[in-house]
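> Right, I'll just put the structure down here and ask away after.
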Amino acid sequence: MSIGKLIFNFLIYPGFIFVLLVGGIASFLERKITARIQWRVGPPFLQPFYDLLKLFFVKETVIPEGVNIPFFILVPVIAFSSAVLTSVLITNIFIKSFQGFTADLIVIVYLFTIPSLCVIFAGAVSKNPLSSLGSSREMKLILSYELVFWTSLSIVIIKTGGKITLRDILTFQENSKPIVFSLSGFIAFILSLIVMQAKLGKVPFDISEAEQELIAGPYIEYSGALLGFFKVTHYILLFSLPAFISVLFLGGLNIFKYLLLLIFIIVFENTNPRLKITQAIRFFWFYLFPLGIIGIILAVKGL
């Protein structure tokens, strides 16, 4: 593959620009459908992109007094960078000349964790009591859902005979059937859907930035381009997380599968109340984690 083709694949299609556009459109659909459910008109089609342009080129970036300035600036940039890298790794497995690398599944999962960790750091570095409280909630939430996520991934690895490369998992499903069409695979799929909701910070797991309680939680002191980096990160995750789950459980990615998962996110968000942090911890640890263990046992038995 030529250098020009490689750069095009990683930056344009199916890389960063493509993912950002799809994520922005997904954000529009989410806001528009939510508005219709609530009997509102909703935003215009280009509103998510207007928001980004306003944050990056119109709004002033204000640095609070008393913060560690380099760290305050680096946190959203690191979150953005990890989201971009994750999306590029996921989308480029559909390019035949891109073979991936050993254990890229594990790398992608760790990269998905970085934006959540950056939310914690954003709240901690801001020195605002509401930010700190949001950061504390996010930390507890991560400790609750990450183990559940790993149990669902363990089921996938067991079902595919120990494969830890995303392309190998995709090829396995192409040669047999999607993992979701097995009992243990279906359990892992459900667990991953719920964890996806938590990673995206959607209701009922938007506990760290609860608007009515914490205004914006860890993001409260961020503005301008720095807040824009967090928003772009969210757009990218709104594409890459459903895409990742589709590849793992549904045997690949197409527009129908992506829209199906996006509709789940929107419906789940609009039909559930926000949980308390204690309720979320209890839900993940005492209900979903044992269900994941049952799924692992079933996967070992070939079910």
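> Hey, does the range 104-112 have a residue that's modelled with pLDDT under 90, assigned to a helix (DSSP H, G or I) and among the acidic types (Asp, Glu)?
yes
> Please go through (1) more than 22 Å from ILE265 (Cα to Cα); (2) within 22 Å of the chain's Cα centre (by Cα) for ASP206 and return the number of the only condition it doesn't satisfy.
(1)
> Anything in the range 282-303 that is in contact with a Leu (Cβ under 6 Å, 6 or more places away or on another chain) and under 16 Å from PHE181 (Cα atoms)? List them, or say none.
Scanning the range 282-303 gives LEU298, LEU303.
> Next question. Determine the pairs where a residue that is more than 19 Å from ASN272 (Cβ to Cβ), located within the range 26-48, has a partner that is not in a helix (DSSP H, G or I) with Cβ atoms under 7 Å apart, the partner being 6 or more residues away or on another chain.
Listed pairs, sorted by first residue: PHE28/PRO43; PHE28/PHE45; LYS32/GLY42; LYS32/PRO43.
> Now, a different point. Being hydrophobic (A, V, I, L, M, F, W, C), farther than 24 Å from THR151 by Cα and in contact (Cβ under 8 Å) with a residue 24 or more places away in the chain: is that true of ILE266 here?
yes
> Considering each of THR61, THR91 in turn, give the residue that is of a type in the set (Val, Ile, Thr), within 16 Å of ILE108 (Cα to Cα) and in contact with a Gly (Cβ under 7 Å, 6 or more places away or on another chain).
Answer to the check: THR91.
> Would the range 285-302 turn up any residue that is at pLDDT below 90, in a loop (DSSP other than H, G, I, E, B) and of a type outside the set (Ser, Thr, Tyr)?
Here is the first cut: in the range 285-302, the ones at pLDDT below 90 are 302.
Adding the requirement that they be in a loop (DSSP other than H, G, I, E, B) leaves 302.
Keeping just the survivors that are of a type outside the set (Ser, Thr, Tyr) gives 302.
The answer is yes; a qualifying residue exists.
> Within the range 161-214, can you find the residues that are assigned to a loop (DSSP other than H, G, I, E, B) and among the hydroxyl-bearing types (Ser, Thr, Tyr)?
Within the range 161-214, THR165, SER176, SER182, SER208 meet the criteria.
> Given the conditions (1) of a type outside the set (Phe, Trp, Tyr); (2) farther than 17 Å from ILE90 by Cα; (3) in contact with a Phe, Trp or Tyr (Cβ under 8 Å, 6 or more places away or on another chain), and given that LYS163 satisfies all but one, which numbered condition is not satisfied?
Among (1) of a type outside the set (Phe, Trp, Tyr); (2) farther than 17 Å from ILE90 by Cα; (3) in contact with a Phe, Trp or Tyr (Cβ under 8 Å, 6 or more places away or on another chain), LYS163 violates only (2).
> Given the conditions (1) free of Cβ contacts under 8 Å to residues at least 40 places away in the same chain; (2) over 19 Å from ILE266 (Cβ atoms), report the number of the one that LEU52 does not fulfil.
The failed condition is (1).
> Something else now. Is it the case, given these coordinates, that ILE155 is crowded, with 22+ Cβ neighbours inside 10 Å and within 22 Å of ILE293 (Cβ to Cβ)?
yes
> Scanning for something in a loop (DSSP other than H, G, I, E, B) and crowded, with 24+ Cβ neighbours inside 10 Å, does the range 235-243 turn up at least one residue?
Looking through the range 235-243, none of the residues is in a loop (DSSP other than H, G, I, E, B) and crowded, with 24+ Cβ neighbours inside 10 Å.
> Residues of the range 48-76 being surrounded by 15 or more Cβ atoms within 10 Å (Cβ to Cβ) and in a helix (DSSP H, G or I), which ones?
PRO48, PHE49, ASP51, LEU52, LEU55, PHE56, PHE72, ILE73, LEU74, VAL75, PRO76
> Moving to a separate point now. Looking only at the range 9-44, count every residue that is loosely packed, with under 13 Cβ neighbours inside 10 Å and not aliphatic (A, V, I, L, M) and tell me the total.
Looking only at that region, the number is 5.
> Additional query: Filter the range 77-94 down to the residues that are of a type in the set (S, T, N, Q) and more than 14 Å from the chain's Cα centre (by Cα), then identify the one that is surrounded by the fewest Cβ atoms within 10 Å (Cβ to Cβ).
Of everything passing the filter in the range 77-94, ASN92 is surrounded by the fewest Cβ atoms within 10 Å (Cβ to Cβ).
> Related question: Looking at SER126, SER223, SER135, can you tell me which residue is touching a residue at least 12 places away in the same chain (Cβ under 8 Å) and touching a Gly at 6+ places or on another chain (Cβ under 8 Å)?
Residue meeting the stated conditions: SER135.
> Within the range 1-40, which residues are β-branched (Val, Ile, Thr), part of a helix (DSSP H, G or I) and more than 11 Å from PHE239 (Cα to Cα)?
Those that are β-branched (Val, Ile, Thr), part of a helix (DSSP H, G or I) and more than 11 Å from PHE239 (Cα to Cα): ILE3, ILE7, ILE17, ILE33, THR34, ILE37.
The values are calculated or read from the model by the stated rules, or taken from the named source; none is laboratory data. Given the structure is predicted, the values throughout are model-derived calculations rather than measurements. Note that we place each Cβ from the backbone using ideal geometry, even for glycine, and neighbour counts take in every protein chain shown.
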